[in-house]
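Asks: One structure is given below, represented as structure tokens, and several questions about it will come after.
The values are calculated or read from the model by the stated rules, or taken from the named source; none is laboratory data. These numbers were taken from a predicted model, which means no experiment stands behind them. Remember, those area values only see protein heavy atoms, side chains included, never the ligands or the DNA or RNA. Shrake-Rupley method; radii C 1.70, N 1.55, O 1.52, S 1.80 Å.
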Amino acid sequence: MTTVLKLACCWAVLGLYGFWMFRLGDARSGWSYHGALALPKNYRLSDSDSLNISGWADRKAYQGRYLRRAVGPNGSFTSADLAPAPEIAIGGAIPFPIPLKGRSAVAAALNAWSAVAIWDGAEPISDKAPVLALLCPKFESPASDCQAVVGVAKEAAGKLMKTDMAKITLFPVAP
């Protein structure tokens, strides 16, 4: 009887181990996103997103990288869905980089497909420019060390080229 009991215990342990490895298999190869809002393509994943992401424990594998595709609420993504740089597509707008250095509050509010109003002092340049992506020097860089690549009209791009970037003010607006 003890041999049968030992054998049953071994099978139970092996069964639990197999089940655990089966469940862990997805977690090791990807992550699950549990946020309420969808993450758009080119979204830069950061430390602040880690509360809504579960899965593989190595968060450095995704932090600072960009999504190659949109991830819906309660969706998942793998390392194949991550890119080291954003893939900026031009669709009628001219991409223009604006430094976020010294603008930490604005930088924390921006990511791909958020929108900004751009002002030069008291003069509006663009009332609603989409942020196409954030360009950052390193994966671990805070957003305030990045540049927001905004999509602006031709005349707004002309104004921005003549403007001192230190005088530019960005205001996050609803997309």
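Asks: Give the ranking of I90, I98 by solvent-accessible surface, highest area first, calculated with a 1.4 Å probe.
Replies: The residues order as I90, I98, largest area first.
Asks: What are the residues whose amide H is under 5 Å from the amide H of I98, where those residues sit 5 or more places off or on another chain and H is modelled from the backbone?
Replies: A148, V149, V150
Asks: For the stretch 49-95, what is the relative contact order in percent, using Cα pairs closer than 8 Å and at least 6 residues apart in sequence?
Replies: Relative contact order for the stretch 49-95 comes out at 35 percent.
Asks: Right, something else. From the phi angles alone, apply the Karplus equation (6.51, -1.76, 1.60; θ = phi - 60°) to the stretch 39-52 and give each ³J(HN,Hα) in whole Hz, x where the residue is Gly or Pro.
Replies: Result, ordered by residue: 9, x, 4, 6, 5, 8, 6, 9, 4, 5, 7, 5, 5, 9 Hz.
Asks: For the stretch 18-175, what does the accessible surface come to per residue with a 1.4 Å probe? Please give it in Å².
Replies: I get 55 Å² per residue for this part.
Asks: In square angstrom, rounded to the nearest 10, how much accessible surface does Y43 have for a 1.4 Å probe?
Replies: About 40 Å², rounded to the nearest 10.
Asks: Under a 5 Å amide H to amide H cut-off, with H placed in plane at 1.01 Å, what residues pair with I125 once short-range neighbours are removed?
Replies: HN-HN under 5 Å from I125: I118, W119, D120.
Asks: Can you put F77, F171, F139 in order of accessible area, largest first, using a 1.4 Å probe?
Replies: Largest to smallest exposure gives the sequence F171, F139, F77.
Asks: Long-range amide H contacts for R69: which residues qualify at under 5 Å (H placed 1.01 Å from N, peptide plane, sequence gap of 5 or more or a different chain)?
Replies: For R69, the qualifying residues are N42.
Asks: Hey, any idea what Rg/Rh is for the stretch 33-107, computing Rh the Kirkwood way over Cα pairs?
Replies: Rg/Rh for the stretch 33-107 comes to 0.99.
Asks: Given Cα pairs under 8 Å that are at least 6 residues apart, what percent is the relative contact order of the stretch 18-165?
Replies: Taking the mean separation of contacting Cα pairs over the length of the stretch 18-165, I get 22 percent.
Asks: Quick one: order W31, W119, W113 from most to least accessible surface, probe 1.4 Å.
Replies: From most accessible down to least: W113, W119, W31.
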